[in-house]
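Structure first, commentary second.
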Amino acid sequence: MPAQPLISTRHLTIRFGGHVAVDRVSLDIEPFTLKSIIGPNGAGKTTFFNLLSGQYRPTEGRVYFKGVDVTRLTAAARTRLGIGRSFQLTNIFPSLPVLENVRLAVQAQRRMGLKVWRHSRRFPELEDRAYEILETVLLQSKWNALASELAHGEKRKLELGILLALEAEVLLLDEPTAGMSLEEVPTIIGLIEAIKHRRDTTILLVEHKIDMVLALSDSIAVLKDGRLIADGTPEAISRSPEVQAAYFGGGATGA
């Protein structure tokens, strides 16, 4: 018997004035897989992510998490359920040290109050866990640096570390390599691949680097003009004439 999808959308739609940004998208995301969302500029990929994470409320349709309707839940409530979201622009505390950024996420995951901010040294297990995560994302040597001092690629690694600290069951990664140099990209790919191979986390990826998408993905969904035009294995997607016309042949990328 097939596993129940971890996340499902049904006829998910959002309109901004007269513009339909996401148009009746019904999609299933299986647990412990990596699904990529691709499409040309203006396809609605980031908007779709915003609907999944709770940043936007749909005009029509439903979002389900583990079979439960979460359509009206806030972004914070969905994070508490286990849906973690990264953004195209890094989402960190720039004035705090790297370790503190991750420690606060560990604190949030364990539902501890703000008193931990004032007395963090009384809870060494939080810092120990934070440092373990920094080792996972290859930032242990930067533990005491201010987040604002990190290079762009390092900030993306820190953001990924914060998501891991929240112990999210679902990672929504919106162009995690955006703005990176060619030298920085393989490290992020390696981190995502390592998380995928653990098979304890479900990953949704928006990424315009098609070679990366084909190499990492278990399945790929293709949006065009807000509509879902294809959903299948990397092999099937790369052979689809409709996808070739809409995405590969057009040469357009982005959100």
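The values are calculated or read from the model by the stated rules, or taken from the named source; none is laboratory data. Owing to the predicted nature of the structure, the values given are computational and were not obtained by experimental measurement. Cβ coordinates were reconstructed from backbone atoms using ideal geometry, including for glycine residues, and neighbour counts include every protein chain displayed. Ligands, DNA and RNA are stripped out before the accessible areas are found, and what is left, the full protein with its side chains, is counted by its heavy atoms. Shrake-Rupley method; radii C 1.70, N 1.55, O 1.52, S 1.80 Å.
Please work out which residue is surrounded by the most Cβ atoms within 10 Å (Cβ to Cβ), limiting yourself to region 63-104 and to residues that are in a strand (DSSP E or B) and of a type outside the set (Asp, Glu). Give the steps one after another, and end with the answer.
To start, the set of residues in region 63-104 that are in a strand (DSSP E or B) comprises 63-65, 68-69, 83-85, 97.
After this cut, where a residue has to be of a type outside the set (Asp, Glu) as well, the list is 63-65, 68, 83-85, 97.
On the way: 63: 23, 64: 17, 65: 21, 68: 9, 83: 26, 84: 23, 85: 23, 97: 16.
Applying the filter and picking the extreme gives 83.
Give the number of residues within region 185-198 that are open to solvent by 20 Å² or more (accessible area, probe 1.4 Å) and either under 13 Å from the mean Cα position of the chain (by Cα) or farther than 17 Å from residue 35 by Cα (or both).
As a first pass, look at region 185-198 and keep what is open to solvent by 20 Å² or more (accessible area, probe 1.4 Å): 186-187, 189-190, 193-194, 196-198.
Still in the list and also either under 13 Å from the mean Cα position of the chain (by Cα) or farther than 17 Å from residue 35 by Cα (or both): 186-187, 196.
Residues meeting the conditions: 3.
Scan region 152-194 residue by residue and report those that are basic (Lys, Arg) and in contact (Cβ under 8 Å) with a residue 40 or more places away in the chain. Steps first, answer last, please.
Within region 152-194, the first condition is being basic (Lys, Arg), and the residues that meet it are 155-157.
Scanning region 152-194 gives 155, 156.
Quick test of your reading of the structure: residue 158 fulfils all but one of (1) surrounded by fewer than 19 Cβ atoms within 10 Å (Cβ to Cβ); (2) part of a helix (DSSP H, G or I). Name the failing condition by number.
Every condition holds for residue 158 apart from (1).
Of the conditions (1) in contact with a strand residue (DSSP E or B) (Cβ under 7 Å, 6 or more places away or on another chain); (2) part of a helix (DSSP H, G or I); (3) under 20 Å from residue 25 (Cα atoms), residue 196 satisfies every one except a single condition; which number is it?
(3)
Table: residues versus (1) in contact with a Cys (Cβ under 6 Å, 6 or more places away or on another chain); (2) open to solvent by less than 30 Å² (accessible area, probe 1.4 Å); (3) more than 22 Å from residue 85 (Cβ to Cβ).
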{"position": "134", "(1), (2), (3)": "no, yes, no"}
{"position": "145", "(1), (2), (3)": "no, yes, yes"}
{"position": "148", "(1), (2), (3)": "no, no, no"}
{"position": "152", "(1), (2), (3)": "no, no, no"}
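For every residue, the table says whether it meets (1) open to solvent by 30 Å² or more (accessible area, probe 1.4 Å); (2) within 14 Å of the chain's Cα centre (by Cα); (3) within 15 Å of residue 228 (Cα to Cα).
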residue: 24; (1), (2), (3): yes, no, yes
residue: 27; (1), (2), (3): no, no, yes
residue: 34; (1), (2), (3): no, yes, no
residue: 37; (1), (2), (3): no, yes, yes
residue: 43; (1), (2), (3): no, no, yes
residue: 46; (1), (2), (3): no, yes, yes
residue: 50; (1), (2), (3): no, yes, no
residue: 61; (1), (2), (3): no, no, yes
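I'd like the full set of residues that are aromatic (Phe, Trp, Tyr) and not in a helix (DSSP H, G or I), limited to region 30-55.
First, the residues of region 30-55 that are aromatic (Phe, Trp, Tyr): 32, 48-49.
Within region 30-55, just 32 meets the criteria.
Return the residues of region 1-13 that are open to solvent by 10 Å² or more (accessible area, probe 1.4 Å) and assigned to a strand (DSSP E or B); say none if nothing qualifies. Spell out the reasoning first.
Initially, region 1-13 is screened for residues open to solvent by 10 Å² or more (accessible area, probe 1.4 Å), giving 1-6, 8, 10-11.
Hits for region 1-13 are 8, 10, 11.
Quick grid of which residues meet (1) open to solvent by less than 20 Å² (accessible area, probe 1.4 Å); (2) part of a loop (DSSP other than H, G, I, E, B); (3) modelled with pLDDT under 90:
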| residue | (1), (2), (3) |
| --- | --- |
| 183 | no, yes, yes |
| 212 | yes, no, no |
| 222 | yes, no, no |
| 230 | yes, no, no |
| 235 | no, no, no |
| 243 | yes, no, yes |
| 254 | yes, yes, yes |
